[in-house]
Amino acid sequence: MIPDENRFESNPDAALGGVSGLPEGWTVGTPDPADRFDVARLTRLLRAHERHGRGWAGAGVDDVLVEVSERGLKMRENVVVRDEAGEIRAWGSVHDRSVGRMLFVHVVERELPDDVADRCSDLLLEWAQAQARTVGAARGLDIQQIDTGAFPDDERQARWLTAAGFERVRTWWQMSRPVQPAEAGLVPSPEHWEQDGVVVRLVRRTGDGLPDRDDLRGVHEVLESAFVDHFNSSEETFEEFLFRLREDPGHRWDHWWLAELVDGEVPQPVGALVGTVSESGTAPDGSYVSYLGVLEAARGRGVAKGLLRTIIADAAARGRDRVGLEVDADSPTGAAGLYTSMGWATKYVTESWHRDVPVP
């Protein structure tokens, strides 16, 4: 269940136990989501971090608000370092993602002198470790994992993470596939189609327009089961799952699909795809595969390919020009081969870095 209050320590001073080593007049605090200057500054910091790491920026204000808004703070906490003028120069955000897994965002301004940037980074990393102990204790754990990311060419970030005891554990290919208007006919209808005893359909809507809760549970159960043996899988309750995905700026209920086997007496959910919208401002929007899972018992029946063809057709029908996804470069499932065979190519690469923090 989603806690009434988040499990983190909201007071940076309490988490850090005092701060030293910053230039005179610099302070550590929290961002104000109601302050448009704070939100704009965090957005600029994040975009500069992306631009340095992969050559272009994709984050926007909505991505920042997911981290710092009042609703987002049910599962998150933030810290910032401000200079003597009150300008934010570094930002850390933690997300109580699921049992034993805490996500950590770590952004330090690129133009800072090396010694000041190093101290800002040290503070963010110390704060993250303190938050890991706090959230781990609240969940009753002995070990709390911190999961953070980096771009392969970001030597500064890699140096900081290595010095703080993090280990590079995984590489991810961020893939994209162009979409042509004619591909709207890849499937009979993205809303509902059937082939060889498999039905692919959107999650149903109730009379008030909300998604059917049983269908949503079906999506959650398929994904939990499909990923149980995958890298870094951890248990996430149904309530946490829904809350987190609804916070995504690209969330749309009409981008959730179920695949069912219907060659028995009762339809059996065996696959699920959760898609989102990738908004790009002036250019056409794209679609994104946030989750794709197929139960082992149904593999080999074309379920994954059918779901992928469905989101491609849906994107084409909406006038979008691409579908993106992320794949584990070290996955033993062969998923990368399927994506490549269907036209996906790697656009850029990211890395996962982990540290396991003992919980007192």
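A few remarks follow.
- Remark: the chain carries a charge dipole of roughly 800 debye about the Cα centre, counting +1 on each Lys and Arg Cβ and -1 on each Asp and Glu Cβ.
- Computed from label points 7 Å out along Cα-Cβ, the spacing between ALA345 and ARG139 is 3.9 nm.
- Between ALA184, ALA259, ALA57, the GNM of the chain built on Cα springs shorter than 10 angstrom shows ALA57 fluctuating the most.
- Point-to-point label distance, ASP63-ARG217, nm (Cα→Cβ direction, 7 Å offset): 3.6
- Shown is the FRET efficiency for PHE227 and TRP56, computed with R0 = 41 Å from the Cβ-Cβ distance and rounded to the nearest 0.05: 0.90.
- Per-pair calculated FRET efficiency, R0 = 30 Å: SER10 and VAL169 via Cβ, rounded to 0.05: 0.55
- Look at the dipole of the range 12-165 built from charges on Cβ: of GLY165, VAL108, GLY58, the Cα furthest out on the positive end belongs to GLY58.
- Potential lengthening between ARG159 and SER280 on full extension [0.36 nm per residue; Cα-Cα distance subtracted]: 40.3 nm
- Cβ-Cβ FRET estimate between ALA335 and ASP208, R0 fixed at 41 Å, reported to 0.05: 0.65
- Here the range 175-350 is assigned +1 on the Cβ of each Lys and Arg and -1 on the Cβ of each Asp and Glu. Its dipole about the Cα centre then comes out at about 680 debye.
- Charges were assigned to the Cβ only: +1 to each Lys and Arg, -1 to each Asp and Glu. The resulting dipole of the range 12-165 about its Cα centre is roughly 540 debye.
- One chain, two ends: GLU326 and GLU296. Fully extended at 0.36 nm per residue, the span grows by 8.8 nm beyond their Cα-Cα distance.
- Residues whose placed amide H lies under 5 Å from that of TRP256, excluding near-sequence neighbours: VAL203, GLY275
- With each label modelled as a point 7 angstrom along the Cα→C-beta vector, the VAL266-ALA85 pair spans 6.6 nm.
- Label point of PHE238 set 7 angstrom out along Cα-Cβ; within the range 283-304, amide nitrogens under 20 Å from it belong to 291-295.
- Anisotropy class of the range 231-340 from Cα gyration tensor, a/c 1.5 cut: rounded
Any read-out appearing in this document is the output of simple, stated calculations on the displayed coordinates, not a laboratory observation. Just so you know, these numbers come straight off a predicted model, no measurement behind them. With ideal geometry, Cβ positions are generated from the backbone for all residues, glycine too; neighbour counts draw on all protein chains shown.
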